[in-house]
1. Taking R0 as 56 Å, what FRET efficiency do you get between MET369 and ALA81 from their Cβ-Cβ distance, rounded to the nearest 0.05?
2. Where the centre of each part is set by its Cα atoms, how far does segment 278-317 sit from segment 196-249, in angstrom?
3. Taking LYS276 as the anchor, which lysines have their alpha carbon closer than 18 Å to its alpha carbon, excluding any fewer than eight residues away along the same chain?
4. At 7 Å along the Cα-to-beta-carbon direction for both THR252 and ASP220, put a label point, then send me their distance in nm to one decimal.
5. So how tilted is helix 78-93 from the main axis of the chain? Cα-based, degrees 0 to 90, rounded to 10.
6. Give the relative contact order (percent, whole number) for segment 205-330; include only Cα pairs under 8 Å separated by 6+ residues.
7. Put +1 on the Cβ of each Lys and Arg and -1 on the Cβ of each Asp and Glu in segment 345-472; which of LEU388, ALA421, GLN351 then has its Cα farthest toward the positive end of the dipole?
8. Taking 0.36 nm per residue of sequence separation and subtracting the Cα-Cα distance, how much length would be gained by fully extending the chain between SER384 and PHE148, in nm to one decimal?
Amino acid sequence: MPVRKKASLVGLALCLLSAPAVRALDKEAKKWLDEVKPIMLPEEEKTYRDLKDKNDVAEFQRIFWARRDPDLETPANEYQAEYQKARADADSRYRIAGTPGSQTDCGRVFILLGPPDDVKKGEATDVAIPGRRAPETWTYRDRPGFKFGPTGQIQLGFDETCTLPQGNRMGEQLNRLAEGKVTSPNIGYRRGADGRIVKLAEQLPKPSPANALLKAPRQDFPISAERTMFLKGQDGASYVAGLVKGDASALTLKDAGGKKTAKVVVGMQAVDETGKPSGTTERETLVDVAPDGSYVASYGMALKPGTYTMKVALLDPQTGKGSVATMPMKLPDYDAEGLTLSPLLVLRDVQDMPANPQDALAAFQLGPMRFIPHYGNVFSPDDSITLLIFLYNPKVDAATGKPSTTASFVILKDAKPVAKADEQNYDTPGAGPSVGPVPLAKFTAGKYVAQVKVRDNVAKKDMSEEATFEVK
């Protein structure tokens, strides 16, 4: 049976704040921007320049440093102190014709990578002119936290004004290094209902029963959790969302018109390979109890690419009882060069609906779209499914200025196709090929494999992703 093509989802991503206009900054705001420019991300600068309220400007600055704080639980911001020292050092080393050294390319590289392993001076030409210095070639070799490809090193050439050559990708690579300084991308510059930036104090983990449960996990009742999707976010981060499932008999239930619900708190904490928390969130939500007595809630947060131990907590705020499910997780780097794919999602539906923070599936709300997953990808013949994947970093055709990708979907049972869709072509970055709804009424009971094949027509590169689901 053919699979009907669903309208594609294109450019769906996590956003900071929209900043359509760029305004002139006052003297104090401009001074602060110049001081942090070496590590400020382009999206952050756009947001900062768009702020009109002085209180929002001050809050932005607090959030900016908190996002880079390696340990939010200590009163000091160790990285901020480290940065100020490196900036002062760069200012004294690389000052050019009245320009502070930290605002030159030399200074930015020095701040982001530290002192080079080797410096080779070139032939002096215009060093007699004020503000000039001999050109230099810096060599950096692999070090903890920085790998420089198959050669194990990178060489950077600076001219007499401490500037990198124009037209290469070094600026983009420096932005990637600056992204690496953001340790808590789940803290952001989002606006509240009043239109103001949400205060840092409201975004930081607070002493709470859910937070205490994450720090000292216990099992008052059985729960299980699964990771459902990874998506590319901003600032080099990824967004991870998943589901937690349990037996409602352990919760405080309410019955309204024969429908049973329960209020729960869902908490999530990511612990990196050093054992340090990299992010903590919690949210109160209302879950519906299914006929079999089970319930499902969602969790989600932004994290840097890397390997983590994920802890998902579920707490009954009425009784104080709670449990924690733990799982390993490796988040991909979607900013890596070349085509990358998100996991293939098998969804019950994709709906256009307003956000509701208390909804059990609120973690699957991206902009106006709500993804509707099903725990374990187990469906009934009465269900329909939608297959969805996101494509990142396809190569751009130099002639057209656009990428060109092709995606095709197929559903297999016992390695034999039972449904397939026509190829879909895209010329936009961040495309989201999808097909559905696919009715399961004629699918016999058993396990299936959903598969998508993607070709980057410009780079001549083929990739594929697959996901399993079951019909019962």
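We did not get these values from a lab; they are worked out from the coordinates using the rules stated. Keep in mind that what you see is a predicted model, and the values were worked out from it rather than measured. No Cβ is skipped: glycine too gets one built from the backbone with ideal geometry, and neighbour counts run over all protein chains shown.
1. E(calc), rounded to 0.05, equals 0.85.
2. When both Cα centres are located, 5 Å separates them.
3. Straight-line reach from LYS276, under 18 Å: LYS181, LYS206, LYS215, LYS304, LYS311, LYS330.
4. That separation, rounded to one decimal, is 1.0 nm.
5. Approximately 30 degrees, to the nearest ten.
6. Once normalised by length, the contact order is 32 percent.
7. Highest projection toward the positive end goes to ALA421.
8. So the extension gain works out to 80.3 nm.
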